[in-house]
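A short write-up of the structure that comes next.
The values are calculated or read from the model by the stated rules, or taken from the named source; none is laboratory data. Only a predicted model underlies this, so the values are computations on that prediction, with no experimental measurement involved. Don't worry about glycine lacking a Cβ; one is built from the backbone with ideal geometry, like all the others, and counts go over all protein chains shown.
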Amino acid sequence: MLEVSIFHTLEAVAAYRAQLAELNRASRQKSPFTTLEFFENYLQHDEFYVVGKDLEVWFLIAFEAGAPVGYLALRRVRERAFGLSAAKLEFLATHDVERPHAVCKPEDEARCIEAFYRALLERKADWSMLELKQQAPDAQLLFMPASLPLSAHYVRPFESMTVSVIHNRFTDVLGYLNAMEKKARSNVKRQLRNLLAAGEVRYLYSEDPEATPLLLDLYLDVERHSWKARVGGTIHRDERRIAFFRGMLAATMPFRIGIGLLLLDGVPIAGSIVNAYERRLHATQVVFDDRFSRLTPGTLLFAMLMKETIDTKAEHLDLMSGFSYYKSRWLAETTDCQSLQIFRVGSALFYKAIAGDLRRKLEERLRGPIDLEAENVAKHESAVEAAGIAGEGAPADRRIVETRLATLATKAVRAVTAAELDAFFDVGLAKHRPDARRLAS
């Protein structure tokens, strides 16, 4: 029989660091976002909550014969309803992650999930709501045992953001491109030709902890002129968030952070950040300078991310949440996710949920079914338009950029030339060079 302990500090959890790491590597999802090191870095630099002030750690570990067999990382925060403050349990990390979950070996999933739910229900007086976001249809947390004592609780599913993943079944990147629909493949190559013909193009990439801090600095320069800067979607929006990403670059992390940077005539115009763990790549950030948007630099970034996936024989490239309509063009498989919400009947959050249910039913009757992703895309486009087209701040000092690039040249950085990019993707630039006057416009 499993015994569940709830720890309220990560310092106490650290005593089981090695066992938890082994469980994560043996689990179905094998996620960098459920490593103890990720959680420690996350809490240390969280821009929204402070541990001990407005956040309490609820780290559940299931033991058998004194040894950990599974864990579920949660936190307790306060949420307001009708002017009242109520306790809410949710995943410990809720941003910059994908499909949070309980961690255990596949054969232990059912009994660990039941043990976790029973432990939480035993302390039902300590929370009014439990929310488990972004669960895939096969997520074990959705399959609550019928024997659970839930008579005093209201349980509902709630639509959540989709997840897009490209499964690596390719031997080389040309095979990947050839698997695309003809129109999509033609568009990719045309966009790559336009970019490569626009000037001197180089692509830099490194996972070396000595190089990635410099690449991150250059990435942040690009961010300031992206649409993300206008809607608060950047890394540099908060010093704590910058520190969070810098913390993930440390050589002591169990995962590797790779940063790609696209240069045009020596100026960084786009970048990507990928998290590599257990032969799985997670594209956590992609950004481009809006002043170069007509060159569609994001196309080259996505192509290089997929080339990295294939060359390293990774199992898949996880493109994370949202914008599935675009990611599907890159052969990503989309998974519709949902949240699971459990409310203690009679609590303020319960009545808030009931009121929300009634409001949504009325809206659906008046407007028809609501597509969460389409609604989020519309909100995003509206916010970008309302924010205007100007970037944030002055251009990066060219001398500083050149100094950083010169320093990077002494590090373990892969530098890819335009000619190599042309060959990688069979762009055929010499044969199909775009009109120079059209590019200049």
Out of segment 29-60, which residues are over 19 Å from TYR277 (Cβ atoms), assigned to a loop (DSSP other than H, G, I, E, B) and not hydroxyl-bearing (Ser, Thr, Tyr)?
-> HIS45, ASP46, GLU47, PHE48, VAL50, GLY52, LYS53, ASP54
Single unsatisfied condition, HIS167 versus (1) surrounded by 15 or more Cβ atoms within 10 Å (Cβ to Cβ); (2) under 23 Å from the mean Cα position of the chain (by Cα); (3) at pLDDT 95 or above | (1)
Test each condition in (1) under 18 Å from ARG25 (Cβ atoms); (2) surrounded by fewer than 19 Cβ atoms within 10 Å (Cβ to Cβ) for PRO68 and report the one that comes out false.
-> (2)
How many of the residues in segment 124-155 are among the charged types (D, E, K, R) and under 25 Å from the mean Cα position of the chain (by Cα)?
-> 3
Being hydrophobic (A, V, I, L, M, F, W, C), farther than 20 Å from ARG202 by Cα and either out of contact with any Leu (no Cβ under 6 Å at 6 or more places or on another chain) or not assigned by TED's automatic domain parsing to the domain that holds ARG404 (or both) narrows it down to one of ALA251, ALA314, so name that one.
-> ALA251
When you go through (1) in contact with a strand residue (DSSP E or B) (Cβ under 6 Å, 6 or more places away or on another chain); (2) more than 17 Å from GLU420 (Cα to Cα) one by one for LEU204, which number turns out not to apply?
-> (2)
Considering only segment 143-189, how many residues are in a helix (DSSP H, G or I) and in contact with a helix residue (DSSP H, G or I) (Cβ under 9 Å, 6 or more places away or on another chain)?
-> 11
Can you work out which of the residues in segment 319-340 that are outside any loop (DSSP other than H, G, I, E, B) and either in contact with a helix residue (DSSP H, G or I) (Cβ under 7 Å, 6 or more places away or on another chain) or free of Cβ contacts under 8 Å to residues at least 40 places away in the same chain (or both) is farthest from ARG280 (Cα to Cα)?
-> LEU340
Quick one: count up the residues across segment 315-360 that are polar (S, T, N, Q) and more than 25 Å from the chain's Cα centre (by Cα).
-> 1
